[in-house]
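All remarks here apply to the structure that follows.
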Amino acid sequence: MERREFFNACLGGLAGMNIFFTSGKRTFSIKDLKKEKEETDVLVKVLGTAQDGGLPQIGCYCKNCLRAREDQRFSRLISSLAIIDLGEKKYFILDATPDIRIQADIAFSRLALLKQGRKNFPDGILLTHAHIGHYTGLMFYGYESMSAHKLPVYCSSRMKSFLSSNGPWSQLVSLENISIHTLSMEKEFLLTPRISFTPFLVPHRNEYTDTLGFIISGDKRKLLYVPDIQSWEAWSRSIVKETRKSDVALLDGTFCSSEELPGRDLSKIGHPFIKTSLKTLKNVAEEGKTKIYFTHLNHSNLALDPEGEARKEVEEKGFGIASEGMEFFL
Ligand SMILES: [Zn+2]
Ligand SMILES: [Zn+2]
Ligand SMILES: [Zn+2]
């Protein structure tokens, strides 16, 4: 909660002023920010922005992890989104991270339902894939914890068979704590009358399951979410076209550049570097229609430091680094 209040305090401070931000070749004012924030009942709230291991990462005492332990505002929860229908008072969680206990509170309190004495079950959980940061939070809905009843979980058919045939996840299925709905790829699906989403496959280390990205649509805007992908070139779709079609894109920013991985074989990194994405998506950022943010940041990421050169470069080129509490009305 503290981290959210801090963020809101910053936004509140900005709201009364007509401040102009210069970002690369485009300038946008607080009025533009207000325009983006107005007029819809569909809200995507960022619940976390770290790679699967979180920030700080267990057992790591690198500069970033030490800083995150000393200053909570520098720490990051694991990548996740809340998709909220303010009219229907419903919310969905995109990826069940090991931090879901805190993240579910943040989503629930956004709907002002915390003090009404009712239990906090999300209206559904959407899963991208079976790496630890993306699905293990499901365990808190099982027998040893909240013991949910038929909590809807939306995922690919490979993810469904992985969950159904491997413990401890299979117990969630056999005790009917969760009810799994298989998604058809590239088909639009309605979560509420106002919210639709389209899942698609992306290339990524697929040891246990395949990996999905999502397009989430409200009445007015679209958000593209791809937290984990091998590279933009390896994908069957064009990232340039996909970002142009969206109003907001939250993309894999696991590593900033090869500088943070000395001695590693770059061909085996398995993520597009932020520096590469800045080049690939240069024109889209300059056109200014789509706001592009990087998420899923590794604890080593050079762009984590708000005062650092890497962050400066990202922002000067018209991109952003996602942070907890960010909200996008769709
Ligand atoms: Zn991941
Ligand atoms: Zn570290
Ligand atoms: Zn992954």
What do you reckon, is Leu190 touching a Ser or Thr at 6+ places or on another chain (Cβ under 6 Å) and either surrounded by 13 or more Cβ atoms within 10 Å (Cβ to Cβ) or not aromatic (Phe, Trp, Tyr) (or both)? yes
Can you say whether Ser79 is within 19 Å of Leu212 (Cβ to Cβ) and either hydroxyl-bearing (Ser, Thr, Tyr) or surrounded by fewer than 17 Cβ atoms within 10 Å (Cβ to Cβ) (or both), as far as the supplied structure shows? yes
What about Pro98, is it within 16 Å of ligand 3 (Cβ to nearest atom), closer than 30 Å to Leu183 by Cα and modelled with pLDDT of 95 or more? yes
Within the stretch 298-330, the residues that are farther than 30 Å from Asp219 by Cα and in contact (Cβ under 8 Å) with a residue 60 or more places away in the chain are Asn298, His299, Ser300, Asn301, Leu304, Asp305, Glu316
Would you mind stating whether Gln230 is surrounded by fewer than 23 Cβ atoms within 10 Å (Cβ to Cβ), polar (S, T, N, Q), closer than 26 Å to Gly318 by Cβ and more than 16 Å from ligand 2 (Cβ to nearest atom)? yes
Enumerated helices (runs of 4 or more DSSP H) restricted to the stretch 114-209, each holding at least 3 residues that are within 16 Å of ligand 1 (Cβ to nearest atom) and either on the phi > 0 side of the Ramachandran plot or in contact (Cβ under 8 Å) with a residue 60 or more places away in the chain (or both): 132-135
Given the structure, is Lys63 surrounded by fewer than 19 Cβ atoms within 10 Å (Cβ to Cβ) and under 14 Å from Gly124 (Cβ atoms)? no
Residues in the stretch 94-123 that are within 16 Å of the chain's Cα centre (by Cα) and of a type in the set (Gly, Ala, Ser): how many? 3
Go through the stretch 211-225 and give me each residue that's hydroxyl-bearing (Ser, Thr, Tyr) and more than 16 Å from ligand 3 (Cβ to nearest atom). Ser217
Just give me the residues in the stretch 57-75 being more than 16 Å from ligand 3 (Cβ to nearest atom) and part of a loop (DSSP other than H, G, I, E, B), in sequence order. Ile58, Gly59, Cys60, Tyr61, Cys62, Asp71, Ser75
Are there any helices (runs of 4 or more DSSP H) wholly within the stretch 223-307 with 2 or more residues that are over 25 Å from Asn64 (Cβ atoms) and not acidic (Asp, Glu), and if so which? 239-245, 282-287
In the stretch 135-149, residues that are touching a Pro at 6+ places or on another chain (Cβ under 8 Å) and buried (at least 22 other Cβ atoms within 10 Å of the Cβ) total 1
I want to confirm something. Restricting to the stretch 28-56 and keeping residues that are more than 22 Å from Asp105 (Cα to Cα) and either buried (at least 20 other Cβ atoms within 10 Å of the Cβ) or modelled with pLDDT of 70 or more (or both), which single residue is farthest from ligand 3 (Cβ to nearest atom)? Glu39
Tell me whether the stretch 76-92 contains one or more residues that are more than 16 Å from ligand 2 (Cβ to nearest atom), closer than 22 Å to Tyr135 by Cα, outside any strand (DSSP E or B) and in contact (Cβ under 8 Å) with a residue 40 or more places away in the chain. yes
Can you work out which of the residues in the stretch 40-75 that are in contact (Cβ under 8 Å) with a residue 12 or more places away in the chain and β-branched (Val, Ile, Thr) is farthest from ligand 1 (Cβ to nearest atom)? Thr40
So which residues in the stretch 93-113 are buried (at least 16 other Cβ atoms within 10 Å of the Cβ) and in a loop (DSSP other than H, G, I, E, B)? Asp95, Ala96, Thr97, Pro98, Asp99, Leu111
Could you go through the stretch 247-261 and let me know if any residue there is among the hydrophobic types (A, V, I, L, M, F, W, C), away from ligand 2 (no atom under 16 Å from the Cβ), more than 15 Å from the chain's Cα centre (by Cα) and surrounded by fewer than 18 Cβ atoms within 10 Å (Cβ to Cβ). no
Residue within the stretch 267-276 that is within 16 Å of ligand 1 (Cβ to nearest atom), touching a Pro at 6+ places or on another chain (Cβ under 7 Å), closer than 21 Å to Thr128 by Cβ and at pLDDT 95 or above present: no
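The values are calculated or read from the model by the stated rules, or taken from the named source; none is laboratory data. Computed from a prediction, not measured in an experiment: that's the story for all the values here. Here the Cβ is made from the backbone with ideal geometry for all residues, glycine too, and neighbour counts use every protein chain on show.
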